[in-house]
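Some notes on the structure that comes next.
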Amino acid sequence: MKYIKKFLEVLFKWKFKPVSEKKYREADAIVTQAYSVLKNGKPGPGNELIAKTAKALSQMYRLPVLTQSEIELADDSLLYVYIYRGQTGGHSTMACNTYTITEAQASFCKKRGWKKIIVVAFPLHMGRAIWTYQLFGLETMPANMPKTGYAHSELIHWSHRKEWLFFLREILVRVFFFLQKKI
């Protein structure tokens, strides 16, 4: 029954409410999940929104940020403590994806005794990101993210160029992660 309930959640849960300001104050760090970069190597609007949100939270709650090179590209002034530099050319691969990034960030957190994190990610990616961090034993708090403005026709990822394409891809990837026991 638990398996079926989780599978239904994977398919149908798309909204993740931010927590209260009081709860955010309990966080140990902020983690990000990057969006696609532009074909010209620039960060793209999605990564700029993620960087802007992470920076605002970092300044407000005086928290360090664990991120990826795509977010650093969008704003190198963030209080970074860890930057994941996967060799993907801007694409997710079997060796560099939400799971592997989360695994590296979770390891970094655990070494420092950090257990509570604020997750900054594209809203349609938030669920998979949260479930993956939870798999590694971290308590997650979703950030209040802008709903739109991430997509751009010149992004490297075909599925990030339109938000509806991301949604279709995300359904498939969620099922894949579920079957692989990565969420």
### Task
Could you pull out every one of the helices (runs of 4 or more DSSP H) wholly within the stretch 33-149 that has 3 or more residues that are over 16 Å from the mean Cα position of the chain (by Cα) and either under 19 Å from ARG169 (Cβ atoms) or of a type outside the set (Lys, Arg) (or both)?
44-61
### Residue satisfying all of: in the stretch 90-125; at pLDDT below 95 and among the aliphatic types (A, V, I, L, M); surrounded by the fewest Cβ atoms within 10 Å (Cβ to Cβ) among these
MET94
### Message
If I ask for residues that are more than 26 Å from TYR84 (Cα to Cα), in a loop (DSSP other than H, G, I, E, B) and without any contact (Cβ under 8 Å) to a residue 40 or more places away in the chain, which ones from the stretch 16-32 would you list?
### Response
SER20
### Message
If a residue must be in contact with a Ser or Thr (Cβ under 9 Å, 6 or more places away or on another chain), within 28 Å of ASN40 (Cβ to Cβ) and of a type outside the set (Phe, Trp, Tyr), how many such residues does the stretch 124-150 contain?
### Response
6
### Query
Pairs, please: C-beta under 6 Å, at least 6 apart or cross-chain, first residue under 14 Å from PRO123 (Cα atoms) and in contact (Cβ under 8 Å) with a residue 60 or more places away in the chain and in the stretch 155-170, second of a type outside the set (Val, Ile, Thr) and in a helix (DSSP H, G or I)?
HIS160/PHE166
#### Entry: the stretch 139-154, subset without any contact (Cβ under 8 Å) to a residue 60 or more places away in the chain and within 20 Å of GLU103 (Cα to Cα), residue surrounded by the fewest Cβ atoms within 10 Å (Cβ to Cβ)
GLU139
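Return the residues of the stretch 150-162 that are aromatic (Phe, Trp, Tyr) and over 14 Å from the mean Cα position of the chain (by Cα); say none if nothing qualifies.
Going residue by residue through the stretch 150-162, those that are aromatic (Phe, Trp, Tyr) are 150, 158.
Scanning the stretch 150-162 gives a single hit, TRP158.
The values are calculated or read from the model by the stated rules, or taken from the named source; none is laboratory data. None of these values were measured; they are calculated from a predicted model. With ideal geometry, Cβ positions are generated from the backbone for all residues, glycine too; neighbour counts draw on all protein chains shown.
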